């Protein structure tokens, strides 16, 4: 069964280093919380708010050990007025036997405001 695992984080500045570090941290925490190995992942879609232009967050994923062949694609979020700024959102499609209610969605930094109902 393929399930979607959601996650999001924010950066304090649009810097190449911070975007890559925070994206890698998010991906690793999502995988760990859901007991997912790279070979379990069908694909990853990453979106950023339009104020992030310094880096492709997919680079952070592909640079992780064992993640080289995971299909990853980046895109921009809709530019909605008053939306959370400097945000990286991630949707990981994973092969798992877990029930939908057992999937752990991960929200870090200021992104916790996006889904306070899912933040533990």
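Applying the condition of being modelled with pLDDT under 95 and assigned to a loop (DSSP other than H, G, I, E, B) to region 84-120 and asking which residue is nearest to residue 3 (Cα to Cα) yields 118. Determine if region 38-46 includes at least one residue that is in contact (Cβ under 8 Å) with a residue 12 or more places away in the chain, within 20 Å of residue 84 (Cβ to Cβ) and not in a helix (DSSP H, G or I). Looking for residues that are in contact (Cβ under 8 Å) with a residue 12 or more places away in the chain, within 20 Å of residue 84 (Cβ to Cβ) and not in a helix (DSSP H, G or I), one finds at least one in region 38-46, hence yes.
Just one of the listed residues (85, 17) is more than 21 Å from residue 119 (Cβ to Cβ) and either without any contact (Cβ under 8 Å) to a residue 40 or more places away in the chain or loosely packed, with under 15 Cβ neighbours inside 10 Å (or both), namely 17.
Inspect all residues belonging to region 26-36 and state whether any of them is in a strand (DSSP E or B) and touching a strand residue (DSSP E or B) at 6+ places or on another chain (Cβ under 7 Å). No: region 26-36 contains no residue that is in a strand (DSSP E or B) and touching a strand residue (DSSP E or B) at 6+ places or on another chain (Cβ under 7 Å). Checked against the criterion of being closer than 18 Å to residue 21 by Cα, under 14 Å from the mean Cα position of the chain (by Cα) and not in a loop (DSSP other than H, G, I, E, B), region 48-56 contains one or more residues that satisfy it. In a residue-by-residue description of region 58-76, the property of being within 10 Å of the chain's Cα centre (by Cα), surrounded by 12 or more Cβ atoms within 10 Å (Cβ to Cβ) and farther than 20 Å from residue 120 by Cβ applies to at least one position.
The values are calculated or read from the model by the stated rules, or taken from the named source; none is laboratory data. Just so it is clear, the model here is predicted, and its values are computed rather than measured. Cβ atoms come from the backbone with ideal geometry, glycine included; neighbour counts cover every protein chain shown.
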